[in-house]
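Please read the structure below before turning to the comments.
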Amino acid sequence: MIKKDFEEQVIKRLDAMIALMLEPKAKDLAIKEKVEMLYNIGLDYNQIASILNKTPNNVAVIINSLKKKK
């Protein structure tokens, strides 16, 4: 079970990295757009924070503001 969870986490992170790399202007995307993209892929706050070198709290604030706009 632990191995399966680990594999799922690795796959999610690889999917996230691929999505950011394939985005033609990923370097020019604002942090808000990157967070939204990663969240839509299915990553949680901690995973997004780790990838973007931000705090989970910072990611949570961005995601909550995005949810309010919708």
Rounded to whole Å², per residue accessible area for the chain with a 1.4 Å probe reads 75
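May I ask you to give the percent of accessible area on the chain that is carbon plus sulfur, with a probe radius of 1.4 Å?
On the way: 3040 of 5250 Å².
The value for the chain is 58 percent carbon and sulfur by accessible area.
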Helix 2-22: inclination vs the chain longest Cα principal axis, degrees, rounded to 10, gives 40
Length-normalised contact order of the chain, Cα under 8 Å, at least 6 apart, in percent, tallies to 25
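Kirkwood hydrodynamic radius (Cα pairs, Å) of the chain?
12.5
The values are calculated or read from the model by the stated rules, or taken from the named source; none is laboratory data. Fair warning: this is a prediction, and the values are worked out from it, not measured in the lab. Note: areas computed on protein heavy atoms with side chains; ligands, DNA, RNA excluded. Shrake-Rupley method; radii C 1.70, N 1.55, O 1.52, S 1.80 Å.
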